[in-house]
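Engineer: Could you have a look at this structure, given as C-alpha cells, before my questions?
Read-outs throughout are calculated quantities, based only on the coordinates presented, and are distinct from any laboratory measurement. Here the structure is a predicted model, which is why all the values come from computation and not from measurement. Glycine gets a Cβ as well: all are built from the backbone with ideal geometry, and neighbour counts include every protein chain shown.
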Amino acid sequence: MRANVFVDTNIWLYALVRNPADTRHQRAADFIFQLKRPMINSQVIRETCHNLIKKSSRSEVELQRFLVGWSSTCEIIHSHVGQHVLASQLREKGAFSYWDSLIIAAALDAGCSILYSEDMQHGQQINNQLTIVNPLDA
C-alpha cells in the first residue's frame with residue numbers, strides 16, 4: 001500500500017549524500033527509508049540526480065541503481081498540463097516559487113495529505129488538503 005505522502009528533493013538529498021558534519025543526513029535517511037511507497041515525480045528525480053552528480057560525484061551506475069530503486073519503492077507521479085495550471089494558480093496567489101509550486105501541484109494532484117520538505121514553511125496548509133511538514137525539524 002502506498003503512503004499518502006510526497007517527498008521533496010531536499011529530503012532525498014540529505015538522505016543520499018553522506019556528510020559527517022551534518023546531522024540531517026542520518027535523520028533524513030532514518031526517516032525516508034521507513035516510508036512505505038512515498039510519492040515523487042520526475043522533477044524530484046531530475047533534481048536529485050543532477051545534485052548527486054554535481055555535489056556528490058556519483059557515477060552513472062550509482063544513478064541507475066537509484067532510479068531502479070525509486071521505481072520499485074516509490075510511486076512516481078507523472079506530470080500533465082493540469083498540474084502546471086494548478087502550479088500557475090498557486091504562484092498567482094503569490095505564495096510559492098516556480099519550482100516549489102510544481103512540487104506542490106504534483107502532491108495535490110496525487111491526493112497527498114503531507115508534503116515532506118525542508119525548504120518550505122513547516123505546518124503550512126494548502127487548499128485544505130496538503131500540509132507541509134519538515135521531518136528534519138526535531
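Engineer: Which three numbers, in whole Å and largest first, are the semi-axes of the equivalent ellipsoid of region 33-110 derived from its Cα gyration tensor as √(5λ)?
Structural biologist: Numbers: eigenvalues 133, 47, 19 Å².
Semi-axes, largest first: 26, 15, 10 Å.
Engineer: Another question, then. Compute the signed sum of charges (Lys and Arg +1, Asp and Glu -1) over the other residues within less than 12 Å, Cβ to Cβ, of residue 41. Before the final figure, lay out the partial values.
Structural biologist: Values: positive: 46; negative: 8, 47, 75, 109.
Every neighbour counted, the sum reads -3.
Engineer: Another one. If you put +1 on each Lys and Arg Cβ and -1 on each Asp and Glu Cβ, how big is the dipole of the chain around its Cα centre, in Debye rounded to 20?
Structural biologist: Values: 13 positive and 13 negative charges, 51 e Å.
The dipole magnitude comes to about 240 debye.
Engineer: Just to be sure I understand the model, the point goes 7 Å from the Cα along the line to the Cβ. What's the resulting residue 42 to residue 79 distance in nm?
Structural biologist: Here the answer is 0.8 nm between the modelled labels.
Engineer: May I ask for the net charge around residue 87, where only other residues with Cβ less than 10 Å from the Cβ of residue 87 are counted and Lys, Arg are +1 while Asp, Glu are -1?
Structural biologist: -2
Engineer: Any idea what diffusion coefficient the chain gets from Stokes-Einstein, in µm²/s, Kirkwood Rh on alpha carbon pairs, 25 °C, 0.890 mPa s?
Structural biologist: On the way: Rh = 15.3 Å.
In µm²/s, the coefficient rounds to 161.
Engineer: If you average 1/r over all unlike Cα pairs in region 1-66 and invert the result, what Kirkwood radius do you get in angstrom? Before the final figure, lay out each step's value.
Structural biologist: Working: mean 1/r = 0.0806 Å⁻¹.
The answer is 12.4 Å.
Engineer: Okay, next question. Quick one: net charge of residue 27's neighbours, Cβ under 11 Å, K/R +1, D/E -1?
Structural biologist: On the way: positive: 24; negative: 22, 30, 118, 137.
Charge balance near residue 27 sits at -3.
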